[in-house]
1. Just need a number here: residues in the stretch 207-253 that are β-branched (Val, Ile, Thr) and in the same structural domain as residue 267 (by TED's automatic domain parsing).
2. Within the stretch 199-223, how many residues turn out to be under 17 Å from residue 448 (Cβ atoms) and modelled with pLDDT of 85 or more?
3. For the stretch 347-383, which positions are modelled with pLDDT under 90 and closer than 23 Å to residue 409 by Cα?
4. Please pick out the residue among 241, 208, 190 that is among the charged types (D, E, K, R) and farther than 17 Å from residue 268 by Cα.
5. Of the residues that sit in the stretch 383-403 and are touching a residue at least 40 places away in the same chain (Cβ under 8 Å) and surrounded by fewer than 19 Cβ atoms within 10 Å (Cβ to Cβ), which one is farthest from residue 133 (Cα to Cα)?
6. State which residue is farthest from residue 277 (Cα to Cα) when the search covers only the stretch 240-249 and only residues that are in a loop (DSSP other than H, G, I, E, B) and of a type outside the set (A, V, I, L, M, F, W, C).
7. Is it true that some residue in the stretch 336-343 is modelled with pLDDT under 85, under 38 Å from the mean Cα position of the chain (by Cα), in the same structural domain as residue 300 (by TED's automatic domain parsing) and of a type outside the set (A, V, I, L, M)?
8. Exactly one of these conditions fails for residue 181: (1) of a type in the set (Gly, Ala, Ser); (2) more than 29 Å from residue 436 (Cα to Cα); (3) touching an Asp or Glu at 6+ places or on another chain (Cβ under 7 Å). Give me its number.
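The values are calculated or read from the model by the stated rules, or taken from the named source; none is laboratory data. All of these numbers come straight from a predicted model, not from anything done at the bench. A quick note on method: Cβ atoms are made from the backbone with ideal geometry, for glycine too, and the neighbour counts reach across all protein chains shown.
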Amino acid sequence: MQYFLHAYVNGDTWTNAALNTAKFIGRGKYLSRKVRGWSTAFILDREDLPVSKYGGAWTKSRIHDEDLKSELLTHLQSLGKYVTATAIIDYLGQPDVAKRYRLKKAISLATAERWMSGCGFRWTMARGGQYVDGHERDDVVTYRQSIFLPAWYALEPRMRRWSVIGGELVEEQAQDADSQSHIVAWFHDESTFYAHDRRKKRWIHGSETPTPQPKGEGSLLMAADFVSADYGWLCSPDRNESARVLFCAGKGRDGYFSNDEIIRHAEKAMAILERYYQHDDHVFIFDNAPTHVKRADCSVSARNMPKGCKEWGIDVPVWDANGKIVLGPDGRTLMTKACISNGFFNGSPQEFYWPEGHKHAGKFKGMAQILTERGYDVTNLKAQCKQCASGATTCCCWRILFNQPDFINVEMILESTCSARGFQVIYLPKFHCELNFIEQCWGYAKRIYRCYPMS
């Protein structure tokens, strides 16, 4: 009516203004006549406005009833995470509920879904929050606070620092630069690149048709490298030599990136650093992956130790003359028994096997005898609890040995290999990949990689 009267006042004829108004909203002559009739009645009586015959309180959804809405919301929340619209139908189908809200028949599924929206629910994927992992696990916190952070703070004064001055990155002059060489922290990690990993979003023309896609992620290529804030990727100054290792992981290919490959990779990196960067002291930063923290096969460990004296050893792989693991007819690694290394107590070696001339010569002494020699009374102690109590340190023989200094401070193979050549190794706390900035380097590398055509 407002549009029609504006058109009429602006010079259009009464009939044409009504017809143009009807056409404007996609209607015909019938609405044109109705608009003229409504407008005539309004001109004669300014209170006479058309009222929809479908209006009224009965056209409002019952979900606008605050009592009903509150009751349904309480019921739905009591059902847990996975609620459905049929839960509303079942609830309103109860005789007492239907009588209370004067419902003569059950609502439809479509109505129930609308009422779910009215109660504030949406059919969508749940929003994910922060991942819960072991950041605050007791052993992780202890390692982070007692070992990692003190080690890092001890090295930090000798590390290079940079500041942004005038839009340029300028190295700060250390106060004791003349007395000690700089320490360079080299962060290590591996990353896997998949053949079918490509960008999913791009500009697509409307005429482009779907094309067949390969299944799965495709073949993979693992890249392992070191990076530092001082020099970037670990390579020679002329970039002709690089510490980067490319590895086709998988059965029937190069196998898997085991501790042996980690050792060879570290030796390759140390060779480049010794050749080109002798003026710096270097520290390798590794994460706490099992392949990085592997101990020597015969290193001291309380795992599966018997309490009494007996013939006992640990399973170790058989190696051939070329330094390769020997495989059996079934393709599995051949294993043999070997004696574990001796321990240390009060700064002196402690033999774990009876010496020659003893009636049990060559046999393992047992946890009871080892602890007795260390001054513990193990008369009423079990060999090992099924589940040691939290915080317990003397509940069983195994737990006591587990907490002995020579059992705790066993050097990893990677540590001993690097320290033998004058390089320090620090392990990041478990679950703390955010401390390893090489992850950002790998992320950028994958972003570039995904822009290239599929290989």
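1. Total satisfying the criteria: 2.
2. Residues in the stretch 199-223 being under 17 Å from residue 448 (Cβ atoms) and modelled with pLDDT of 85 or more: 2 in total.
3. 347 - this is the single residue of the stretch 347-383 that is modelled with pLDDT under 90 and closer than 23 Å to residue 409 by Cα.
4. 208
5. Filtering first and then ranking leaves 383.
6. 244
7. No, the conditions are met nowhere in the stretch 336-343.
8. All conditions are met except number (2).
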